[in-house]
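These notes concern the structure reproduced below.
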Amino acid sequence: MTEQPSTTPSTETAPPPYEEPAVEFEGVSVDAPAVGIVMGSKSDMPEMEKAEKELQERGISCEIRVMSAHREPDTVADYARNARARGLRIIIAGAGLSAALPGVVAAHTDLPVIGVPLTSRTSVAGGLDALLSISQMPPGVPVACVGVDNPRNAAVLAARILSI
Ligand code: RP5
């Protein structure tokens, strides 16, 4: 008899094992990361590295890059448009202030995008500006939004999506 996979719900302390997907596209490297972590500024890195750490602890491959939707719009568009073909399956995007990055990424890819609102040092609203910018997307262009300064939850959500 074939052994069936366990359906026991996982806990946050004992994440389910993650298996890298088989390569689906010709030319996609088996080393292609499953999750792309992007952020609007180098100043976001200390916070967003927490998402990278969580994914690494779960054995989920990821890459981490800085690209601003406002300062480097073409770079962001190229990254998002090529993400699926490169083998990425989810994009986590963190930004502060007028946090356009997650929404702009979602505008250029049909992969799931998880936004992380960040408390920028110059925020006049303690991160509320970024929270509203990320969560208030127009119908048809969804961005999942975790709490302010909670990149770890973005990684946990990414792991759960990958385990479906
Ligand atoms: C946003 O502006 C970035 O995501 C960052 O949180 C904030 C401030 O950027 P820097 O002035 O530190 O580059 O676009």
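State yes or no: is Glu49 surrounded by fewer than 19 Cβ atoms within 10 Å (Cβ to Cβ) and either in a loop (DSSP other than H, G, I, E, B) or charged (D, E, K, R) (or both)?
Working: surrounded by fewer than 19 Cβ atoms within 10 Å (Cβ to Cβ): yes; either in a loop (DSSP other than H, G, I, E, B) or charged (D, E, K, R) (or both): yes.
Yes.
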Among the residues of the stretch 66-90, which ones are surrounded by fewer than 20 Cβ atoms within 10 Å (Cβ to Cβ) and part of a helix (DSSP H, G or I)? Pro73, Asp74, Thr75, Ala77, Asp78, Arg81, Asn82, Arg84, Ala85, Arg86
Tally up the residues in the stretch 91-129 that are out of contact with any strand residue (DSSP E or B) (no Cβ under 8 Å at 6 or more places or on another chain), away from the ligand (no atom under 12 Å from the Cβ), in a loop (DSSP other than H, G, I, E, B) and hydrophobic (A, V, I, L, M, F, W, C), please. 2
Please find, within the stretch 52-65, the residue that is farthest from the ligand (Cβ to nearest atom) out of those that are surrounded by 17 or more Cβ atoms within 10 Å (Cβ to Cβ) and either of a type in the set (Val, Ile, Thr) or in a strand (DSSP E or B) (or both). Ile60
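Every number here is computed from the coordinates shown, using simple stated rules; none is lab data. None of these values were measured; they are calculated from a predicted model. Cβ coordinates were reconstructed from backbone atoms using ideal geometry, including for glycine residues, and neighbour counts include every protein chain displayed.
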